[in-house]
Amino acid sequence: MTGVVSNKILSKDEVERAVEEVVDLAASGNVRVALAGGVAMQLYRSDRFTKDVDFVAGSSVPGLEVEKTLTFGGYSSKTPSGVPVDIILRSDDYRDLYDFALDAAEDSGLRTAAGNVLLVISPACLAAMKLAASREKDLEDLRKLVELGLVGAETREVTKSFLGKYAARELDSIVEETKWLMERGKR
């Protein structure tokens, strides 16, 4: 078993191994999972690095033991090969957004060796999730999604539906500011 030192940036091989292991474990247990976080950002062409692989899940994934409980719902674990993963099972005010995001997850076009489909959170839902988290790294991810042209009317609708009209206005503000900076070559 290959051990992975926590708190280090994951290599491409570690990310791929974690995705394969989690998707296959989830499929064997009939659990829906979709890629989120930094690795989802990478699939959408961001150069974002990450120290773990995040999945939104419908329930606990068999074979992934709880190492630490996440304060907002879910748990941190390690795959059988030792790669750090977070299994997100929101139990707070954002649960409906995450449930919707899982239901609306898109086929990434990638398959595991066993033939299981890798789902990824849609850009609209990912952007709303980033706004809800509002940590600086999440807001930077949101700005990157704007730069990539992945934030539009659908994102605003998801944001308004699940986070409210004030959050939708905040989203508008971030989009306008990011586009303004892009026009001036400052992003």
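A few comments on the model shown:
- Residue within the range 74-82 that is surrounded by fewer than 14 Cβ atoms within 10 Å (Cβ to Cβ), touching a strand residue (DSSP E or B) at 6+ places or on another chain (Cβ under 8 Å), of a type outside the set (G, A, S) and under 21 Å from D54 (Cα atoms) present: no
- Qualifying positions in the range 29-44 - in a loop (DSSP other than H, G, I, E, B) and under 13 Å from L102 (Cβ atoms): V31, R32
- Scan of the range 1-20 for residues that are at pLDDT below 95 and within 11 Å of S81 (Cα to Cα), ordered by number: M1, T2, G3, V4
- Any hit, the range 9-21, residues being of a type in the set (S, T, Y), surrounded by fewer than 15 Cβ atoms within 10 Å (Cβ to Cβ) and in contact (Cβ under 8 Å) with a residue 60 or more places away in the chain: no
- Residue in the range 63-70 that is surrounded by fewer than 21 Cβ atoms within 10 Å (Cβ to Cβ) and closer than 30 Å to S161 by Cα present: yes
- Odd one out for D86, checked against (1) within 28 Å of K68 (Cβ to Cβ); (2) of a type in the set (D, E, K, R); (3) modelled with pLDDT under 95: (3)
- Qualifying helices (runs of 4 or more DSSP H) (wholly inside the range 90-187; at least 1 residues being touching a strand residue (DSSP E or B) at 6+ places or on another chain (Cβ under 8 Å)): 95-103, 123-133
- The range 45-84, subset assigned to a strand (DSSP E or B) and in contact (Cβ under 8 Å) with a residue 60 or more places away in the chain, residue nearest to the chain's Cα centre (by Cα): V56
The values are calculated or read from the model by the stated rules, or taken from the named source; none is laboratory data. These figures come from a predicted structure and were not determined experimentally. Neighbour counts are summed over all protein chains in view; Cβ atoms, including those assigned to glycine, are modelled from backbone coordinates with ideal geometry.
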